[in-house]
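Quick one: this structure, given as structure tokens, is what I'll be asking you about.
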Amino acid sequence: MEKRIGILGGGPSGLFMFKRLIESGRTDIVINIFERKNKLGAGMPYSTEGALDEHITNVSSNEIPLLVTSLADWIKSVPKDTLDKFHIDPLRFNEYKVLPRLLFGQYLTSQFDLLRKMASENGIEYQIFYNSTVTDIIDYPDQETVVVEINDKEQFKFDHVIICTGHNWPKKYEGKVPGYFDSPYPPVKLAVKLDHPVAIKGSSLTAVDAIRTLARYNGTFDKDNNGNLFYQLLDHSPNFKLVLHTRNGMLPAVRFHLEDSHLANDSLLTAEEIAEHIASNNGFLSLDYIFEKDFKLPIKEKEPEFYEKIKDMSLEEFVTAMMDLRERLNPFQLLKAEYAEAEKSILRKKSVYWKEMLGVLSFALNYPAKYLSAEDMMRLHKSLTPLISIVIAYIPQSSSEEILAMYEAGVLELIPVGDDSEIEAMDEGGATYHYTDEAGEEHSVYFNTYIDCVGQPHLAFEDFPFKSLLSGKTVSPAKLRFRSSQEGQKALADGKEVMQDQNDDYYLKVSGITINDNFQIVDAYGALNERIYIMAVPYIGGYNPDYSGLDFSEAASAAIIKQLIA
């Protein structure tokens, strides 16, 4: 009896899932892939939906999980005119280079083509459906079947489906309020000439994407006699300026040499050790335990001097120490210092180890995060997540150079706005930024153009797009139990989304839907669904607070295939 498997989305997650199925050794499967666009592999970040020629990846060839051919080998096969367009010399290319995102998208598409060839050679039946948007998913438990609706009309039946629908940028005011953008994607909408200051919310890699595009349409980059980059405004944009607004007043850290390029580490806790710890800790994963074992101990071995400074620090004390260091410096001066540190790191092929381990910690914590207590999850979001989001953004060198050149030219500034800042969309267009500065003074500043650049939001349970799964209670809101009833009551009094069950246990509602360790959806009664898996990160953010692009796709697809083939 053949298994009918639907992969919903043909971007990077769909690519890894297809690869796992082809390598599974099973030929009794029929695979259908539904892709919203007319191209496989690239997804949103590596297609024109997420990038233009000026946008580059923040991962190098050696940091990409293995697909069919290596990036370095693939580059040799790329036509010269394509390489010339992106200023790439194949003879000088090495595995430590970052690539333009659109070129990387072409690589992923080529890998999908090779996998399709392998599927045919292995006798695996598959079919690709382009321009096919998944509009609903209906589960029929009695028939052990899942029906997938495409473009609001066609329906297909499957034994298993894997939701790989990728990024989603909901629109609130964009399209209704002129000059108001709910995200910078697709970036072609920012390829405009502007003669006024532009407000940008956030300073993440998403903000860097907006900066790179707007900079090119309103000015030019050039090099002086010493080879240093400088920026000049074009005649049509004398009043153009970018004003970044951030809660912490910081810029992301600069890419450096990673010792272990795949966010794995031999010194990390094993799955068995984590399971043992959870079992002995009333079913909870302790954030402090992970911090000690998956962060401090590996540092002890590699950087004993740094370890001596932090060995007695709690998680909160460590974060405060690292943030204090950053807060004391002007963010652009800090960027300059970090750029120099990163240059040395890359030249010597020596990691900035504590930063690398912070990335590893975030990735290691992601998978078992659903076992954190509500108290620890709140601590994670309050203290560790802000530090992680800055340090492991890994802003590429060329982006750092452009940001510094724009700062030196006086057309880029950063304003710390605190947690209580508000953006008011204006009927006439643009937005007013309301915030209190560090001196306690209140400001309300109007901008003709406003762009939300905080990155992919973790979407709420109610935003889940497949309404039949919601109405049938096939999915349930993600929640975490409080270890202490008193803390649950306190969080409830503080206005947090807290619920109480029939056993008088308190739970914190977190974003997205409930999933188990195999990325299977879990219903309102706590029963797992053997037919439906999900890798679409915007809808599982409550249980997967960090997702690291291709590394996440590789790890999630590995967990899914194990269960699916079993």
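Return yes or no: is Ala524 of a type in the set (A, V, I, L, M, F, W, C), in a loop (DSSP other than H, G, I, E, B) and out of contact with any strand residue (DSSP E or B) (no Cβ under 8 Å at 6 or more places or on another chain)?
Numbers: of a type in the set (A, V, I, L, M, F, W, C): yes; in a loop (DSSP other than H, G, I, E, B): yes; out of contact with any strand residue (DSSP E or B) (no Cβ under 8 Å at 6 or more places or on another chain): yes.
Taking the combined requirement at face value, the residue satisfies it.
Out of Leu67, Leu99, which single residue is out of contact with any Lys or Arg (no Cβ under 6 Å at 6 or more places or on another chain) and either over 22 Å from Gly166 (Cβ atoms) or assigned to a loop (DSSP other than H, G, I, E, B) (or both)?
Residue meeting the stated conditions: Leu67.
Looking at (1) crowded, with 18+ Cβ neighbours inside 10 Å; (2) touching a Leu at 6+ places or on another chain (Cβ under 8 Å); (3) assigned by TED's automatic domain parsing to the domain that holds Gly14, which one does Ile128 not meet, given that it meets all the others?
Exception for Ile128: condition (1).
Moving on. So Val161 ticks every box in (1) surrounded by 22 or more Cβ atoms within 10 Å (Cβ to Cβ); (2) out of contact with any Lys or Arg (no Cβ under 8 Å at 6 or more places or on another chain) but one. Which box is left unticked?
(2)
As an exercise: evaluate Glu343 against (1) under 14 Å from Leu251 (Cβ atoms); (2) more than 21 Å from the chain's Cα centre (by Cα); (3) surrounded by fewer than 17 Cβ atoms within 10 Å (Cβ to Cβ) and give the number of the one condition it does not meet.
(1)
Just a yes or no: is a residue in the range 214-232 in contact with a Phe, Trp or Tyr (Cβ under 9 Å, 6 or more places away or on another chain), under 20 Å from Asp437 (Cα atoms) and in the same structural domain as Ile415 (by TED's automatic domain parsing)?
Scanning the range 214-232 turns up no residue that is in contact with a Phe, Trp or Tyr (Cβ under 9 Å, 6 or more places away or on another chain), under 20 Å from Asp437 (Cα atoms) and in the same structural domain as Ile415 (by TED's automatic domain parsing).
Give me a count of the residues in the range 63-122 that are at pLDDT 95 or above, under 30 Å from Phe363 (Cβ atoms) and among the small types (Gly, Ala, Ser).
3
Now for a separate question. Which of (1) surrounded by fewer than 17 Cβ atoms within 10 Å (Cβ to Cβ); (2) out of contact with any Gly (no Cβ under 7 Å at 6 or more places or on another chain) is the odd one out, the single condition Thr27 does not satisfy?
(2)
Given (1) in the same structural domain as Pro331 (by TED's automatic domain parsing); (2) free of Cβ contacts under 8 Å to residues at least 40 places away in the same chain; (3) not hydroxyl-bearing (Ser, Thr, Tyr), identify the lone condition not met by Glu424.
(1)
Filter the range 163-220 down to residues that are under 30 Å from Ile534 (Cβ atoms) and among the aromatic types (Phe, Trp, Tyr), then give me how many there are.
Of the residues in the range 163-220, 4 are under 30 Å from Ile534 (Cβ atoms) and among the aromatic types (Phe, Trp, Tyr).
Quick grid of which residues meet (1) in contact (Cβ under 8 Å) with a residue 24 or more places away in the chain; (2) closer than 30 Å to Phe447 by Cβ; (3) surrounded by 14 or more Cβ atoms within 10 Å (Cβ to Cβ); (4) of a type in the set (A, V, I, L, M):
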| residue | (1), (2), (3), (4) |
| --- | --- |
| Asn218 | yes, yes, yes, no |
| Leu229 | yes, yes, yes, yes |
| Ile290 | yes, no, yes, yes |
| Asp312 | no, no, no, no |
| Arg328 | no, yes, no, no |
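List pairs: first in the range 382-404 and acidic (Asp, Glu), second not in a loop (DSSP other than H, G, I, E, B), Cβ under 7 Å, 6+ apart or cross-chain?
What qualifies is Glu401/Leu229; Glu402/Arg212; Glu402/Ala215; Glu402/Phe221; Glu402/Leu229.
So which of Thr220, Thr246 is of a type in the set (S, T, N, Q) and in contact with a Ser or Thr (Cβ under 9 Å, 6 or more places away or on another chain)?
Residue meeting the stated conditions: Thr246.
Taking strands (runs of 3 or more DSSP E) that do not extend beyond the range 439-490, which have at least 3 residues that are buried (at least 17 other Cβ atoms within 10 Å of the Cβ) and touching a Ser or Thr at 6+ places or on another chain (Cβ under 8 Å)?
Filter on the range 439-490 gives 477-481.
From (1) in the same structural domain as Arg247 (by TED's automatic domain parsing); (2) within 17 Å of the chain's Cα centre (by Cα), pick out the condition that doesn't hold for Leu384.
Here Leu384 meets the rest and fails (1).
Among the residues of the range 44-63, is any part of a loop (DSSP other than H, G, I, E, B), in contact with a His (Cβ under 9 Å, 6 or more places away or on another chain), among the charged types (D, E, K, R) and surrounded by fewer than 21 Cβ atoms within 10 Å (Cβ to Cβ)?
Checked against the condition, which is being part of a loop (DSSP other than H, G, I, E, B), in contact with a His (Cβ under 9 Å, 6 or more places away or on another chain), among the charged types (D, E, K, R) and surrounded by fewer than 21 Cβ atoms within 10 Å (Cβ to Cβ), the range 44-63 yields at least one hit.
Further, regarding this structure: For the range 532-542, does any single residue satisfy the condition of being within 16 Å of Asp139 (Cβ to Cβ), at pLDDT 95 or above and either over 22 Å from the mean Cα position of the chain (by Cα) or surrounded by fewer than 18 Cβ atoms within 10 Å (Cβ to Cβ) (or both)?
Yes, the range 532-542 contains at least one residue that is within 16 Å of Asp139 (Cβ to Cβ), at pLDDT 95 or above and either over 22 Å from the mean Cα position of the chain (by Cα) or surrounded by fewer than 18 Cβ atoms within 10 Å (Cβ to Cβ) (or both).
Given the conditions (1) surrounded by fewer than 18 Cβ atoms within 10 Å (Cβ to Cβ); (2) of a type in the set (D, E, K, R); (3) assigned to a loop (DSSP other than H, G, I, E, B), which single one is not true for Glu174?
With respect to (1) surrounded by fewer than 18 Cβ atoms within 10 Å (Cβ to Cβ); (2) of a type in the set (D, E, K, R); (3) assigned to a loop (DSSP other than H, G, I, E, B), Glu174 is out only on (1).
Which one of Asn32, Asn58, Asn38 is touching a Gly at 6+ places or on another chain (Cβ under 8 Å) and among the polar types (S, T, N, Q)?
Asn32
Given the structure, is Asp260 under 26 Å from the mean Cα position of the chain (by Cα), assigned to a helix (DSSP H, G or I) and charged (D, E, K, R)?
no
The values are calculated or read from the model by the stated rules, or taken from the named source; none is laboratory data. Just so it is clear, the model here is predicted, and its values are computed rather than measured. FYI the Cβ positions are ideal-geometry reconstructions off the backbone, even for glycines, and counts take in every protein chain you see.
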